[in-house]
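Student: Next up is a structure, given as structure tokens.
The values are calculated or read from the model by the stated rules, or taken from the named source; none is laboratory data. Everything quoted here is computed from the prediction, not taken from an experiment. Every residue, glycine among them, receives a Cβ derived from its backbone with ideal geometry; neighbour counts consider all protein chains shown. Note: accessible area is taken over every heavy atom of the protein model, side chains too, but ligands, DNA and RNA are not part of it. Shrake-Rupley method; radii C 1.70, N 1.55, O 1.52, S 1.80 Å.
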Amino acid sequence: MPAAMAPRIANTRAPPDRISRVRSESSSLAGESDQVVVALGTFPYVSMRDRSPVIVARIVDFLSREKGQMKKRFGEEVVSDLKSVAEMLSKLRYEMMTNKPLIPFEVDAPDQEMWNKALEEEAAREGKEPTWFDSPWLFVECYMYRRIRETFDDSLFLRQFDYFQHQKQDSYWNSLEAIKGLAKYFKTSYHQTKQWKLQEAKVIFRHFIELALWGNKCDLSITAGQDASQKTDLLEDLDKSADKILCNHFENLCNYLTQLESTRIDRLKSAGLIVDNAGFELFCDLLLMDFLCSSHVVQKVHFHVKSMPWYISDVTTHDFLWMVDVMQKPECGEDVQWMAQRWIQYLKSGEWTLHDEMFWTLPYPFSEMQIEDPGLYQHLAQNQLVIAKGDLNYRKLVGDLEWPRHTSFTEVLRGFHPAPILTLRTLKANTVAGLKEGLAETMDKSGEDWMVTGNYAVIQFCDKISPIGVST
Ligand SMILES: O=P(O)(O)OC[C@@]1(O)O[C@H](CO)[C@@H](O)[C@@H]1O
Ligand SMILES: [Mn+2]
């Protein structure tokens, strides 16, 4: 694409024409000369201004509330850790709110070098030091979550501590009734059908795809950590939500998978799932992957999770195993327990494996995976299907660029084709591609904030690659 037509990247800058005021604020955080930016602006700007400091402040509040529990768990010595973490978090919040430069990582960690390299590259690209409110949104957000982690990396007792865990676990328990309903649906249809074949069970397959899709509505970072559980019976709502799927490649996906079902290859067929959120969404994702395994479309699933707390609700290995474990509890009911037995078996037999590569918590778009982590790219390329769940993964798929919204999904991937790619994403950020010409403009006229509320979604599929993983 010629430079003049290159799409812009979503940036945290406040657009000058819309700044209502920039004023010095005499808060306990900001000193005399520090400017706290108060402006109206783009979604990335507003999100950074309003949501991000709240996320950091909530961790500080949580730690202070939990002090007693922490002392019981780790002993009296944890108090000095808590104090220094809280101080560093407050400093981080201050840097953010006063638009300071993004400083390098100081604490030794496996990804420290990669992150500092990314900061240098960002500075070189822009020709200046990146700052909180004048940088690519994707970069700054990832940086924030990594900096939060760094405040714990340096501690004695809290290095492994997951400060978002309680919220993720609450989101499972608060969605339990909906989860029970879906487990019952899976079990009943499984028993009725005896053996699932994709074409014959297409309606059921569509349900599991759409459940995994709409399950993505319930993430916590969009609400800065407030309850985002699933209360209603999603299954009942699926048909009503059909017209909210603005681009739907379900039929293409089905055609490809039906062909895959009957293709013989000389190794086990597998799918990779780039997982997003814990709780209800993860439960729906596992139903979908169980369907694909039960119908013998694939024999293996590689789950790619985060290696650290990320965007509040993102799944870590611990969250995954925790959920499958608690699902065995009597209060979850017999259908959920039945699902748990299946999933434990998949994990034990190695049909399901968990991977937490560093790449997922670096700020790179997926088009750069081949350069930044060729091993991971090769690993994904072993699959016959790669599924990227959720909004953040979508932003990384499309580079967080403001594409003309009818640009084809294949084009916006910019060469990221390790295997056929499916994305299931509800729209929570101002970027989308693959819409029918004119649709985005019609939606704009509706007056609804349709790109950022999670009320609309896309199911997009690109099968540029043949079933045996060779480019066609
Ligand atoms: O990837 P997810 O869980 O679907 O969404 C992550 C998200 O809530 O985080 C960002 C705001 O912080 C937005 O891009 C997006 O809405
Ligand atoms: Mn998420």
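Student: Within region 436-451, is there a residue that is closer than 30 Å to Leu268 by Cα, within 22 Å of the chain's Cα centre (by Cα) and not basic (Lys, Arg)?
Tutor: No: region 436-451 contains no residue that is closer than 30 Å to Leu268 by Cα, within 22 Å of the chain's Cα centre (by Cα) and not basic (Lys, Arg).
Student: With respect to Glu25, is the statement that it is open to solvent by 70 Å² or more (accessible area, probe 1.4 Å) and either modelled with pLDDT of 95 or more or touching a helix residue (DSSP H, G or I) at 6+ places or on another chain (Cβ under 9 Å) (or both) true?
Tutor: It is false that Glu25 is open to solvent by 70 Å² or more (accessible area, probe 1.4 Å) and either modelled with pLDDT of 95 or more or touching a helix residue (DSSP H, G or I) at 6+ places or on another chain (Cβ under 9 Å) (or both).
Residue by residue, here is whether (1) open to solvent by 30 Å² or more (accessible area, probe 1.4 Å); (2) at pLDDT below 95; (3) of a type outside the set (Ser, Thr, Tyr); (4) under 24 Å from Met358 (Cβ atoms) holds:
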| site | (1), (2), (3), (4) |
| --- | --- |
| Ser80 | yes, no, no, no |
| Ser84 | yes, no, no, no |
| Phe105 | no, no, yes, yes |
| Glu113 | yes, no, yes, yes |
| Glu120 | yes, no, yes, yes |
| Thr131 | no, no, no, no |
| Leu138 | no, no, yes, yes |
| Tyr145 | no, no, no, yes |
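Student: Okay, moving on. When you scan region 379-401, do you find a residue that is modelled with pLDDT under 95, in contact with a helix residue (DSSP H, G or I) (Cβ under 6 Å, 6 or more places away or on another chain) and among the hydrophobic types (A, V, I, L, M, F, W, C), even just one?
Tutor: no
Student: Checking Gln160 against (1) in the same structural domain as Leu385 (by TED's automatic domain parsing); (2) within 22 Å of the chain's Cα centre (by Cα), only one condition comes out false. Which one?
Tutor: (1)
Rundown of residues vs (1) open to solvent by less than 10 Å² (accessible area, probe 1.4 Å); (2) in contact with a helix residue (DSSP H, G or I) (Cβ under 7 Å, 6 or more places away or on another chain); (3) part of a loop (DSSP other than H, G, I, E, B), yes/no style:
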| position | (1), (2), (3) |
| --- | --- |
| Trp403 | no, yes, yes |
| Glu411 | no, no, no |
| Phe416 | yes, yes, yes |
| Thr423 | yes, yes, no |
| Asn430 | no, yes, yes |
| Thr442 | no, no, no |
| Asn455 | no, yes, yes |
| Phe461 | no, yes, no |
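Student: For region 40-66, enumerate the residues that are among the β-branched types (Val, Ile, Thr) and more than 16 Å from ligand 2 (Cβ to nearest atom).
Tutor: Thr42, Val46, Val54, Val56, Ile59, Val60
Student: Continuing with the same structure: Tally time: how many residues in region 39-69 are within 16 Å of ligand 1 (Cβ to nearest atom), surrounded by fewer than 20 Cβ atoms within 10 Å (Cβ to Cβ) and either under 19 Å from Asp134 (Cβ atoms) or at pLDDT below 90 (or both)?
Tutor: 6
Student: Can I ask one more? Can you say whether Ser294 is more than 16 Å from ligand 1 (Cβ to nearest atom), open to solvent by less than 40 Å² (accessible area, probe 1.4 Å) and among the polar types (S, T, N, Q), as far as the supplied structure shows?
Tutor: yes
Student: If Leu347 satisfies every condition in (1) more than 16 Å from ligand 2 (Cβ to nearest atom); (2) open to solvent by less than 10 Å² (accessible area, probe 1.4 Å); (3) among the aliphatic types (A, V, I, L, M) but one, which is the exception?
Tutor: Condition not satisfied by Leu347: (2).
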